[in-house]
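The values are calculated or read from the model by the stated rules, or taken from the named source; none is laboratory data. Everything numeric in this text was worked out from a predicted model, so none of it was measured. Cβ placement follows ideal geometry from the backbone for every residue including glycine, while neighbour counts extend to all protein chains displayed.
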Amino acid sequence: MEGGVYVCGWKRGRTKYALWLQSHPQIKVEGQNYNEAHEALSKAVCLQLGDGEAVFEFDPPLPKSAIERKYLNPEIVIVSGGNTACDATDVGVLFTQGVCKKCHRPVGERTAEPLVIKSIEPGSHGGFISHSHIVFYSGGFLNLLTAQEQNRFEWRKVMLEGRSKKVFYEFIAEKAIPLVPVKGLIFQTWICGTCNQQMPWMHYGILKISHFVSSRDLSARPPSCFAVRMGNVPELGITRVRWRALVGRPETKGLLANDIGVVLPSEIDRDAPVYTEEVWRKLSEEKNNRWNILRDRWLKSPEVEAMRKNPRRTFNDIYEFIHSKVDKQLAFRKLNKEFGYPEWDRRRQPS
Ligand SMILES: [Zn+2]
């Protein structure tokens with residue numbers, strides 16, 4: 001199986017970083033830093049288990065940078081079907097306004113129709129539908145949740161065209177917490193000109209947190225499970241403490257947790273730019289061209305030369321360093337100062 005999710009342990013010594021698979025403790029690697037160890041673990045899993053696209057889930061979670069810790073209070077994650085993308089027979093009937101012909105995202109409210117999946121990877125206890133990102137979980141995973149946790153949401157039985165021993169349930173939530181852009185960080189999104197829907201706010205940068213919510217929407221003491229709105233569909237949010245009680249159980253196989261940042265309402269960037277898809281594409285192309293030029297320039301710099309000579313530095317370290325130097329210059333709002341493309345008027349979009 002390619003793209004499997006592997007639960008890993010880690011240990012950080014004074015000069016070494018060790019990583020290993022919980023399910024195969026003999027697959028253990030060491031590096032002089034995390035990036036080096038991570039590269040070695042990817043290689044080992046590729047060679048020994050034949051999985052060249054392995055994804056690692058760390059329990060306990062890896063140490064965070066000071067800036068990441070600032071945003072991880074309280075610590076919450078989204079638990080999803082990781083890499084298990086599936087096709088549904090007809091997503092169009094699942095939403096009152098069908099599926100957008102241009103961006104393929106569902107439009108309108110969820111109808112009473114059940115989700116029908118063509119087939120699912122046998123090992124996984126969860127997955128998502130390509131394009132629409134509807135998420136579903138196995139009955140086994142559902143049973144790990146308390147009745148109170150289950151009752152916060154609707155779990156609608158999924159129909160399977162192919163054979164499967166497992167039963168799956170679609171995750172449906174009436175109320176879901178919206179994503180927000182954050183001041184001082186780089187966010188990108190675009191509006192589909194056909195359905196007027198905005199793609200989920202996503203952070204681009206060196207922080208390993210892609211999505212953020214407001215503490216006001218989450219409440220001071222979040223329940224152990226809640227829903228986060230990703231575009232037009234909900235995803236399952238769980239407190240880190242609760243997820244740690246579940247991760248590693250057989251019924252969580254194939255599931256992956258991603259940190260969600262939490263910010264105060266005053267930290268939300270209410271002026272973060274939104275563009276149409278056409279403008280977004282033009283800016284993306286410009287950004288990629290400039291990144292290539294700047295990256296090549298930095299690769300020849302004395303700082304990178306010194307990093308290359310240091311055996312403790314990896315390619316990843318070098319790319320992180322270059323990103324830290326150039327990402328701010330490549331932020332869309334900064335780039336667009338030169339071009340002056342119109343921003344989407346956010347008042348036209350109900351948030
Ligand atoms: Zn659309």
Quiz item: Can you name the residue in segment 2-28 that is buried (at least 16 other Cβ atoms within 10 Å of the Cβ) and out of contact with any Phe, Trp or Tyr (no Cβ under 7 Å at 6 or more places or on another chain) and is also farthest from GLY254 (Cα to Cα) among such residues?
Solution: TRP20
Quiz item: Of all residues in segment 114-160, which are small (Gly, Ala, Ser) and crowded, with 16+ Cβ neighbours inside 10 Å?
Solution: SER124, GLY126, GLY127, SER132, SER138, GLY140
Exercise. Starting from segment 180-206, keep only residues that are in contact (Cβ under 8 Å) with a residue 60 or more places away in the chain, then list their pairs with residues that are hydroxyl-bearing (Ser, Thr, Tyr) and more than 16 Å from the ligand (Cβ to nearest atom) whose Cβ atoms are within a distance under 7 Å, requiring at least 6 positions of separation or different chains.
Key: VAL180/SER214; ILE186/TYR204; GLN188/TYR204; ILE206/SER324
Quiz prompt | Subset tally (residues that are within 16 Å of the ligand (Cβ to nearest atom) and outside any loop (DSSP other than H, G, I, E, B)) for segment 78-96 | solution = 4
Quiz item: Residue check, ALA220 against (1) in a loop (DSSP other than H, G, I, E, B); (2) touching a residue at least 24 places away in the same chain (Cβ under 8 Å); (3) closer than 17 Å to LYS70 by Cα, all met but one. Which one?
Solution: (2)
Quiz prompt | Filter pass, TRP344 being buried (at least 18 other Cβ atoms within 10 Å of the Cβ), assigned to a helix (DSSP H, G or I) and either of a type outside the set (Val, Ile, Thr) or touching a Ser or Thr at 6+ places or on another chain (Cβ under 6 Å) (or both) | solution = no
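Name the single residue that is farthest from VAL274 (Cα to Cα) among those in segment 174-216 being assigned to a loop (DSSP other than H, G, I, E, B), within 16 Å of the ligand (Cβ to nearest atom) and not β-branched (Val, Ile, Thr).
Step one: of segment 174-216, the residues assigned to a loop (DSSP other than H, G, I, E, B) are 174-176, 178-181, 183-186, 189, 192-197, 199-201, 204-210.
Add one more test, that the residue is within 16 Å of the ligand (Cβ to nearest atom), and what stays is 189, 192-197, 199-200.
So of that shortlist, the ones also not β-branched (Val, Ile, Thr) come out as 192-193, 195-197, 199-200.
Numbers: CYS192: 11, GLY193: 12, CYS195: 15, ASN196: 12, GLN197: 11, MET199: 10, PRO200: 11 Å.
Ranking the qualifying residues of segment 174-216, first place goes to CYS195.
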Quiz item: Just to be sure, is ILE67 at pLDDT below 90, of a type in the set (A, V, I, L, M) and either within 16 Å of the ligand (Cβ to nearest atom) or farther than 28 Å from GLY162 by Cα (or both)?
Solution: yes
Quiz item: Residues of segment 147-164 being more than 19 Å from THR89 (Cα to Cα), touching a residue at least 40 places away in the same chain (Cβ under 8 Å) and of a type in the set (A, V, I, L, M), which ones?
Solution: none
Quiz item: Taking segment 97-129, which residues are within 15 Å of the ligand (Cβ to nearest atom) and in a loop (DSSP other than H, G, I, E, B)?
Solution: GLN97, GLY98, CYS100, LYS101, LYS102, CYS103, HIS104, ARG105, VAL107, GLY108
Quiz prompt | Filtered residues of segment 285-302 (kept if in contact (Cβ under 8 Å) with a residue 40 or more places away in the chain and under 18 Å from HIS203 (Cα atoms)) | solution = LYS287
